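Colleague: Structure in structure tokens, see below.
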Amino acid sequence: MSRPRPRFSAVPVLAVLALGSAPAVSAGSEPHQRLGCGSVVTESTRLSADIGPCAGDGLIVGASGITLDLNGHRVIGTLERTPGLASNTANASGITFRMTHGSKLTGGEVLHFAVGVRIGRGSANRITRLNVHDNVGRDDGDGIAVFSSNENVIQNNRVVHNGQWSGISLLGDDTAGSNYNTVADNVIRNNNVPMFDEQGTPIDKRDIGISVEGPGATHNRLLRNVVAGSGTDGVKVFPDCSNGYDISKGCPGTVPNDYNLIRGNTVNGNGFGSPISGALGDGISLLAMGPPVVSIPRHNRVEDNTASHNQRNGISLGGGNGQELNKNPWTTGGENYGCFISSDPDDPVVDTPDLCGVTDNAVVHNRASHNGIDGIYLGPRSDDNRISDNTTEGNGKDGIGIGLAVRYGPGQQPVLDANGQLELVPGSGARHNVLEHNSGSHNRRWDGTDENPDCGSNVWAHNLFVTSKPACVMGAG
């Protein structure tokens, strides 16, 4: 799912009043600044009229320490589409913060651009009380995108039906990540714009509610957001390949996304974008990138969230279940689903998996219910994690599950055993995890299960499960 790095449209040095745009008036003591499409705002300003429709960029916040108050007005793009494709032909942004520090944007509506609001470097900016919707891009495609910028606050916004990539993204490159940002109290719904073929048929889905994509997006806080109806995952932490994906080298130079806090969010009904058979969707997902050079998210904390009615898992560490675990890595840009199952694509049968998961993360005090597969899932080689004090109920497979990798054969097709079941790779499960004080009930298969024989090196202690397999899952430590 690696995307092209976001492009920054050239911005004019002088303000330009575009045809069809009513002028806006500065609220400061300086002479009135007439604003139109492409204007650079250099003083605190309150709009008196809508801006647009704009064929290119809307407005550029070009000074630090100022406030742009949309005052209930709209900044409107054109949403010019390639025939048959739901994408903007112009890679333009509605409002861009251009290397600013401590500036504010509030109180209006941004729609019909490739990116609604873009923060480009700088720091400590605030985006509040906006309605950011129907921004659809071809190369980009986000409601709000933070690019290599730190300590920003995105709070109390409505972010709806943007894509093809995300509602809100925290992005970086090989020089700088996006760190110490706060994304809080937003309503992020129905960011589920699919990719279409020339006949207008949905052929792929990539849209994420909140994407902590990086690479190198660290120490961010995602707090009390409502995330629903995303095309794939509701909340996803994964380090995008900073220098592109190479089949022989994996993701060289990619920096993991560590020390992020995901707390108090309601993450419901994600993963059902069209086509439904495309990329799968979890409520909250932590993924590694690679291999053979693997970038593994560590020290993230998933706490006090509610994850329900998502397509696949409520909370997933390391990706996948069963066959979905190892989708052909040579066509997924290295995104893990358990990562490579072999470093040699010509291997006739994969006997020794080359796996990667996520390590040293904490999943605590969450509620995961009525998800399509597991409430909480640990994929192969998701090691040294702590899973404690969670409640699972009514999930389609297991309440909490630790799974093995699927064996693949010629043509990277899954191998079936004599009973027609997927053949799993012994010893490929997650290791050294502590799972304690969790409870589960009414899950369709098991409330707790560990595919490792005798739970391997995982410690299951003081859990309250009605059903479990094997017996060590009920152990008291």
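The values are calculated or read from the model by the stated rules, or taken from the named source; none is laboratory data. Values in this document were obtained by computation on a predicted structure and should not be read as measured data. When the accessible area is computed, the model is the full protein with side chains, heavy atoms only, and any ligands, DNA or RNA have been set aside. Shrake-Rupley method; radii C 1.70, N 1.55, O 1.52, S 1.80 Å.
Colleague: Counting only C-alpha contacts under 8 Å and six or more residues apart, can you give the relative contact order of the range 154-217 as a whole percent? Spell out each step's value before the answer.
Modeller: Numbers: 137 pairs, mean separation 29.6, N = 64.
Relative contact order for the range 154-217 comes out at 46 percent.
Colleague: Could you look at the range 198-237 and say what percent of its accessible area is carbon and sulfur, using a 1.4 Å probe and all protein chains? Please list the in-between numbers first.
Modeller: Numbers: 500 of 1100 Å².
Carbon and sulfur atoms account for 45 percent of the accessible area of the range 198-237.
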